[in-house]
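Visitor: Got a structure here, written out as structure tokens. Questions coming.
The values are calculated or read from the model by the stated rules, or taken from the named source; none is laboratory data. On a predicted model such as this, the values are computed, not experimentally measured, just so you know. So basically every Cβ, Gly included, is an ideal-geometry build from the backbone, and we count neighbours across all protein chains shown. Side chains included, ligands, DNA and RNA excluded: accessible areas come from the protein's heavy atoms. Shrake-Rupley method; radii C 1.70, N 1.55, O 1.52, S 1.80 Å.
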Amino acid sequence: MGRPRAFDTDQAVSTAAALFATHGFEGTSVDDLVTATGIHRGSLYKVFGSKRSLHLTALRRHLDHEIHPVTAAIATLTDPAQALTTATASYDNGPAAGLLLLAAAERAPHDPEVAALVAEGITALEEALRPSHGDAAPQLASTVLGSRLRLRALPTTTPKEY
Amino acid sequence: MALISIDRERGILTAEFQGLDKLWTLKSRLEIPLAHVRGATHDPGMAREPKGVRVGGSYFPGLITAGRFRRNGERLFWDVKNPEKAVVIELADAEHYDRLVLEVENPRATVDLIEQSISRA
């Protein structure tokens, strides 16, 4: 029965995704979300229902807008070296795979809905590497994601973008 | 303090108020169909929000917020003394309240219990 919402939902989800990708689910408070999106707390609850629901929406958006376009491009490559180089470069510098990896480590073991989305993202990369690597594709996908995780773990003096 | 329990067979979430909270909130319990529960979030910062207009219950700023409040056209039910343990339960339009803000013993476990009960996975 509240007032009609007057904010860009997609922009709010995108901002929330960046926070979750940087600080994780537990590390992102509702205060953080309210401050970063500029949306009233009541409106945030009215639209998304809960922090978990907003996180699921952000993860869904991440798959649709970032992971799937990249994996579709990788799937067109048949040269193994080119496919692997593109995948590694895309995940290092392109889409914020940090959100996917963080969700995999932090939430997937306890949340079946997050686990399903994470599985979708990982499977997409495996399938994208299949034209170039055949049965070795899952192993190569693990290597790409592992190197992304390793990159994330490197110490840095400047704030990182995920 | 509210004690939250879920009856999966009846599909009901119950918030039972303990001790003097029955007096502050003017309620001993709330029963909400699970189908009307949209989500739960541990949200200590919620307690800093303006409370709006008290419709029924008790409000001693900084000490206790309990009972029915209206703010921006929304109907909220509060029972919070310790903001660190506040859980926000968002309800569907069909419910009498838009939102419950309740203090619980273990916010993390309560949020997990509610979210798992309404999960569609």
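Visitor: Exactly one of (1) open to solvent by 70 Å² or more (accessible area, probe 1.4 Å); (2) away from chain A (no Cβ under 14 Å); (3) at pLDDT 95 or above is unmet by residue B:14. Its number?
Guide: It fails just one condition, (1).
Visitor: Here's something else I'd like to know. Return yes when residue B:94 is surrounded by fewer than 15 Cβ atoms within 10 Å (Cβ to Cβ), touching a residue at least 40 places away in the same chain (Cβ under 8 Å) and of a type outside the set (Phe, Trp, Tyr) and no when it is not.
Guide: yes
Visitor: Related question: Among the residues that make up segment B:32-39, is at least one of them assigned to a loop (DSSP other than H, G, I, E, B), within 14 Å of another protein chain (Cβ to nearest Cβ), at pLDDT 95 or above and touching a Lys or Arg at 6+ places or on another chain (Cβ under 7 Å)?
Guide: no
Visitor: Okay, next question. Return yes or no: is residue B:108 within 11 Å of chain A (Cβ to nearest Cβ), under 14 Å from residue B:44 (Cβ atoms) and basic (Lys, Arg)?
Guide: For residue B:108, the condition - within 11 Å of chain A (Cβ to nearest Cβ), under 14 Å from residue B:44 (Cβ atoms) and basic (Lys, Arg) - is met.
Visitor: Which pairs have Cβ atoms under 6 Å, sit 6 or more apart or on different chains, and link a residue in segment B:69-85 that is closer than 14 Å to residue B:50 by Cβ to one that is open to solvent by 50 Å² or more (accessible area, probe 1.4 Å) and part of a strand (DSSP E or B)?
Guide: Listed pairs, sorted by first residue: B:69/B:54; B:70/B:53; B:70/B:55.
Visitor: While we're looking at this one, here's another question. Being in contact with a helix residue (DSSP H, G or I) (Cβ under 8 Å, 6 or more places away or on another chain) and on the phi < 0 side of the Ramachandran plot narrows it down to one residue among B:60, B:77; which is it?
Guide: It is B:77.
Visitor: May I pose another question? Would you confirm whether or not segment B:29-52 contains a residue that is over 11 Å from the mean Cα position of the chain (by Cα), acidic (Asp, Glu), surrounded by fewer than 21 Cβ atoms within 10 Å (Cβ to Cβ) and within 25 Å of residue A:30 (Cα to Cα)?
Guide: yes
Visitor: Scan segment A:23-39 and give yes if some residue there is at pLDDT below 95, within 16 Å of residue B:101 (Cβ to Cβ) and over 19 Å from the mean Cα position of the chain (by Cα), otherwise no.
Guide: no
Visitor: Only one of (1) over 30 Å from residue B:99 (Cα atoms); (2) at pLDDT 95 or above; (3) of a type in the set (Ser, Thr, Tyr) fails for residue A:45. Which number is that?
Guide: (1)
Visitor: Next question. Against the conditions (1) in contact with a strand residue (DSSP E or B) (Cβ under 7 Å, 6 or more places away or on another chain); (2) over 25 Å from residue B:112 (Cα atoms), where does residue A:10 fall short? Just the number, please.
Guide: (1) is the only condition that residue A:10 fails.
Visitor: Another question, if that's okay. I'm trying to understand the selection: among the residues of segment A:69-84, which are free of Cβ contacts under 8 Å to residues at least 60 places away in the same chain and buried (at least 17 other Cβ atoms within 10 Å of the Cβ)?
Guide: Of everything in segment A:69-84, those that are free of Cβ contacts under 8 Å to residues at least 60 places away in the same chain and buried (at least 17 other Cβ atoms within 10 Å of the Cβ) turn out to be A:70, A:71, A:74, A:75, A:77, A:83.
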